[in-house]
Each structure stands twice: as structure tokens, then as C-alpha cells.
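Report on the structure given below.
The values are calculated or read from the model by the stated rules, or taken from the named source; none is laboratory data. None of these values were measured; they are calculated from a predicted model. Every residue, glycine among them, receives a Cβ derived from its backbone with ideal geometry; neighbour counts consider all protein chains shown. Protein only, heavy atoms only, side chains kept; ligands, DNA and RNA dropped before computing areas. Shrake-Rupley method; radii C 1.70, N 1.55, O 1.52, S 1.80 Å.
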Amino acid sequence: MSTWELETEIESYYERGGERERLTRNARGRLEFARMQDLLRRKLPGAGLDVLDVGGATGVHAKWLAEDGHRVTLIDPVASQVEVAAQLPGVTAVVGDARELPWDDASFDAVLLMGPLYHLTDREHRVQAVAEAARCARPGGIVAAVTINRTAGWNDFLLFRSGGVDKGLTAEASLRIMREGMLRYYDQDIFTTAYLAHPGEVASEFADAGLDGAAQYAVQGFPGYIPELERLIDDPESREHLMDGLRLIEAEPSLLGASNHLLTVATTPA
């Protein structure tokens with residue numbers, strides 16, 4: 001049993017279940033999902049792997065990873081989400097915390113942190129979660145983590161305003177989030193407690209966890225902010241062109257921050 005506790009507002013947010021359809025209900029979600037699949041399929045170190053999905057929620061990624069032939073274990077702090085994930089074929093799901101993983105050293109070929117880091121508001125805890133992932137990864141395996149970029153909250157504020165949606169967030173508050181990185185707007189239905197990071201911060205946290213030389217990839221890139229994204233992601237020809245272009249710019253250092261999400265990947269020392 002983990003000695004860590006999840007913040008109440010984070011647990012309440014995920015208990016509501018709104019995140020369960022986030023990657024499928026609109027164009028922005030579908031682009032994020034498609035890009036995450038594309039990136040991970042290219043970065044995973046082989047076929048038929050033992051994969052640990054840390055903070056895997058109801059198994060949105062565990063599902064397709066298992067269907068791809070990997071042996072997937074999922075851990076999440078929200079019991080109701082684990083119950084859903086446990087029903088997926090080929091997925092083993094347990095309740096637990098990213099900062100204290102209940103497995104021996106070198107138990108998995110790949111350890112994925114697709115959500116935990118941006119809900120850990122203390123840098124020390126984020127480093128600990130990455131270090132735990134590295135401990136559980138086999139030599140030559142990978143640790144991959146998703147973070148939310150510092151500019152994401154401000155861009156969402158602009159999209160709300162452009163669409164005539166008032167979330168009760170002031171312009172000054174949106175700029176404060178971009179300056180400080182702390183998001184706490186659960187009551188306004190704007191996600192939940194989260195830390196929005198600069199790409200360089202994430203690389204530094206990986207290094208402090210013993211994983212030097214991590215590679216970083218913009219997930220949606222700046223096309224993720226296109227208001228008419230629906231027309232692109234749901235048209236086969238436009239979607240293929242969009243994905244091809246995003247692969248070309250995904251690792252461009254000057255563009256890493258111009259994306260809602262960032263994927264950081266490190267190989268564990270052999």
C-alpha cells in the first residue's frame with residue numbers, strides 16, 4: 001500500500017469521469033491520441049514488451065498497447081478507474097502511486113508516465129516519480145513521460161474567449177498561470193490541479209532522476225490550436241498530411257513549447 005495520498009480535488013475530478021472520453025470526443029483529443037500512439041509505437045524498444053502504464057486511468061493507452069501485443073500492467077491512484085482498466089483484455093491493473101511503485105528493480109521494458117507528472121506540483125515529487133520509473137525499467141528500456149507545456153493554459157483561455165465561452169478565468173489569471181505554471185481551477189471546470197512546465201524543466205527533472213540525454217517531442221505542435229482542426233483530423237488525406245508534418249517538426253527545439261503536450265523519452269543505461 002502506498003504511503004502517498006492523492007489531492008482531493010484531483011481524485012474528485014477523475015471520479016467524475018469526464019476524462020474518459022477526452023481523447024475521443026473532439027478533434028483536439030483525437031489528434032493528441034493519434035500522435036501519442038504514433039510517437040510511442042516508434043519509440044518503444046521492440047515488440048511483445050512488458051509495459052508499465054503509470055497513472056494509466058481507465059486504460060485508454062493500455063488498451064491499444066495490449067492490442068499491439070504488449071503485456072501491460074497499469075497502476076493508478078483512483079480505484080474506480082482501476083476497476084474499469086482491469087476489465088480490459090491483456091491488462092493487469094492495480095491501485096497505487098507513481099512515487100512509490102510496488103515492483104522490483106528492472107521489471108519492465110518500458111515505463112510510461114502519461115499523466116502523473118503534471119499532477120505532482122512539487123518538483124521533488126516529480127523527480128521521485130521519474131526515478132521510480134527508471135528503477136523499474138530494465139537496462140536498455142525506456143521511460144517516457146507526458147507533461148503539459150507552460151503556454152497551454154493561456155492558449156486554452158484564448159480559445160475559450162474566441163469561442164465566446166466564459167469559464168470565469170480572468171485575463172490576468174491566465175497570464176499568471178503562464179508565468180508561474182500552477183493551475184488550480186477545479187471549480188470553474190477547467191481541468192484540475194496541475195503544474196504546467198517548460199520543456200527544459202522536464203529535461204532537468206529527468207537528469208536529476210538519473211536519466212541524462214532525454215529526447216523531447218511536441219505532441220500536437222502548434223497545429224493543435226487550429227480552430228477548424230475537426231476538418232483536418234477527420235479527413236483521411238488532410239490527416240495524413242498533418243501527421244507527416246508533425247513528425248518533421250516534433251523534435252525542433254524552437255517549437256517544443258508551442259504544443260499543449262510534450263513527450264520526454266529516455267533510455268535507461270544498459
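Odds and ends about this structure:
- Condition met for VAL219 (among the β-branched types (Val, Ile, Thr), under 30 Å from ARG16 (Cβ atoms) and either touching a Lys or Arg at 6+ places or on another chain (Cβ under 7 Å) or open to solvent by 50 Å² or more (accessible area, probe 1.4 Å) (or both)): yes
- Count of the stretch 131-177 residues which are touching a Phe, Trp or Tyr at 6+ places or on another chain (Cβ under 9 Å), more than 30 Å from ALA106 (Cβ to Cβ) and charged (D, E, K, R): 3
- Listed by first and then second residue, the pairs with beta-carbon distance under 6 Å, at least 6 apart or on different chains, first residue in the stretch 25-37 and on the phi > 0 side of the Ramachandran plot, second at pLDDT below 90 and open to solvent by 10 Å² or more (accessible area, probe 1.4 Å), form an empty list.
- Any helices (runs of 4 or more DSSP H) falling wholly within the stretch 154-270 and containing at least 2 residues that are over 19 Å from the mean Cα position of the chain (by Cα), at pLDDT 85 or above and not polar (S, T, N, Q): 171-180, 229-233, 236-249
- Boolean, ALA34 is outside any loop (DSSP other than H, G, I, E, B), of a type in the set (Gly, Ala, Ser) and surrounded by fewer than 20 Cβ atoms within 10 Å (Cβ to Cβ): yes
- Residue satisfying condition, being under 17 Å from the mean Cα position of the chain (by Cα) and buried (at least 17 other Cβ atoms within 10 Å of the Cβ), within set LEU113, LEU101, LEU88, LEU49: LEU113
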